[in-house]
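Novice: Submitted below is the structure of interest, expressed as structure tokens.
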Amino acid sequence: MNISIRHLQAFVEIASSGSFTRAAEHLHLTQSTLTATIKQLEEQAELTLLDRTTRRVFLTQEGERFLPVAQRLLSDFRSAMEDLRATSLRQQGHVGLAASPSMLTRLLPTIVKHFATDYPGISLYLRDDGAGGIEQRVLDNEVDFGLASNHSRQAELNYEPVLRDRYGVVVPQEHPLVTLTQPLQWDQVRAYPLILLSSDTGIRAQLEGFSAQGVAPVTLETSLLEVSNPAGLAALISEGLGISIIPALAADTSSFERLRFIPLDTPLIEREICIITRRKRSLTPAAESLLQYVRDGLAKAQLPASVRFIGKGQKSE
């Protein structure tokens, strides 16, 4: 039999009170049970730790040396249990979330603010990345969950759709396409120079997939310019170097505030933004709470006109 917490508690209580009777009362044990517990401890240690007289109990030299060790072990155990309880009650913890720059700047700040107010003891770390990078961060356990499109259908990941985000073109305010009174057709985009995000981004990967499937009648090979980030893309469009095709949520960020987003029609194409978690991996209580805040927050958020909520939360009226 191994030494357990109850052996340490019995020894420390007897050493503190100097009496088996008082120690048994405090621990809510019978004296015979307490005596048997101390006997087991001494047998395991192969040393006598307590000397007994008719009136009092004294520590042996070995018992005096062992007492501070036993007290420290009990203190460490109590602290560990308090930490576990605090974690289960969402009083402390750490949560990591990865999302696209448009999600982090447009939709998550309000959600994070509410969560941080309700759970001030939980620390948050947020990472922005492309869809492929977000998947990898979840796979590597660098973050608890991510928000991105289903970039590569990883078998180890679970994808829970929460938003549908419609594709459209971004053009300068004075561009001829702005004056159209009918819905914008994909074929009408062919007449203008196209600027694309680079091939390592989730948006570019989706556009290439649409083009390969013949869904979006735009020849991506005709693009003469590509850029790796939305801010650079917006700057090039503002200079009149071309137009771009991006989802509505990306176009609703500050980089594009001086430009015009026009939804594309025939065919209407959307991307799904998903909550990405790792299969067969439990989330911590803190991460579960943040995940629910994300679901509820997205359900209640004021979304751009071409973005709609499709998740499990209840959409407010």
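Novice: Any residue at all in the range 143-154 that's part of a loop (DSSP other than H, G, I, E, B), among the basic types (Lys, Arg), in the same structural domain as Leu233 (by TED's automatic domain parsing) and within 29 Å of the chain's Cα centre (by Cα)?
Specialist: yes
Novice: Please enumerate the residues belonging to the range 35-57 that are within 19 Å of Ser17 (Cβ to Cβ) and part of a helix (DSSP H, G or I).
Specialist: Result: Thr35, Ala36, Thr37, Ile38, Lys39, Leu41, Glu42.
Novice: Looking at the range 205-245, which of the residues that are assigned to a loop (DSSP other than H, G, I, E, B) and under 18 Å from His151 (Cβ atoms) is modelled with the lowest pLDDT?
Specialist: Here the answer is Ala216.
Table: residues versus (1) within 30 Å of Ala287 (Cβ to Cβ); (2) assigned by TED's automatic domain parsing to the domain that holds Asn141; (3) modelled with pLDDT under 90.
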site: Gln9; (1), (2), (3): no, no, no
site: Thr21; (1), (2), (3): no, no, yes
site: Arg52; (1), (2), (3): no, no, yes
site: Val69; (1), (2), (3): no, no, no
site: Asp76; (1), (2), (3): yes, no, yes
site: Asp83; (1), (2), (3): yes, no, yes
site: Leu104; (1), (2), (3): yes, yes, no
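Novice: For the subset of the range 155-194 comprising residues that are closer than 19 Å to Ala305 by Cα and in a loop (DSSP other than H, G, I, E, B), which member is modelled with the lowest pLDDT?
Specialist: Thr181
Novice: Please verify whether Leu163 is in the same structural domain as Leu291 (by TED's automatic domain parsing) and either under 30 Å from Ser282 (Cα atoms) or small (Gly, Ala, Ser) (or both), treating the condition exactly as stated.
Specialist: Against the criterion (in the same structural domain as Leu291 (by TED's automatic domain parsing) and either under 30 Å from Ser282 (Cα atoms) or small (Gly, Ala, Ser) (or both)), Leu163 qualifies.
Novice: For residues in the range 13-34 being part of a helix (DSSP H, G or I) and surrounded by 18 or more Cβ atoms within 10 Å (Cβ to Cβ), which is farthest from the chain's Cα centre (by Cα)?
Specialist: Applying the filter and picking the extreme gives Phe20.
The values are calculated or read from the model by the stated rules, or taken from the named source; none is laboratory data. Remember, it's a predicted structure, so these values are computed and weren't measured experimentally. Note that we place each Cβ from the backbone using ideal geometry, even for glycine, and neighbour counts take in every protein chain shown.
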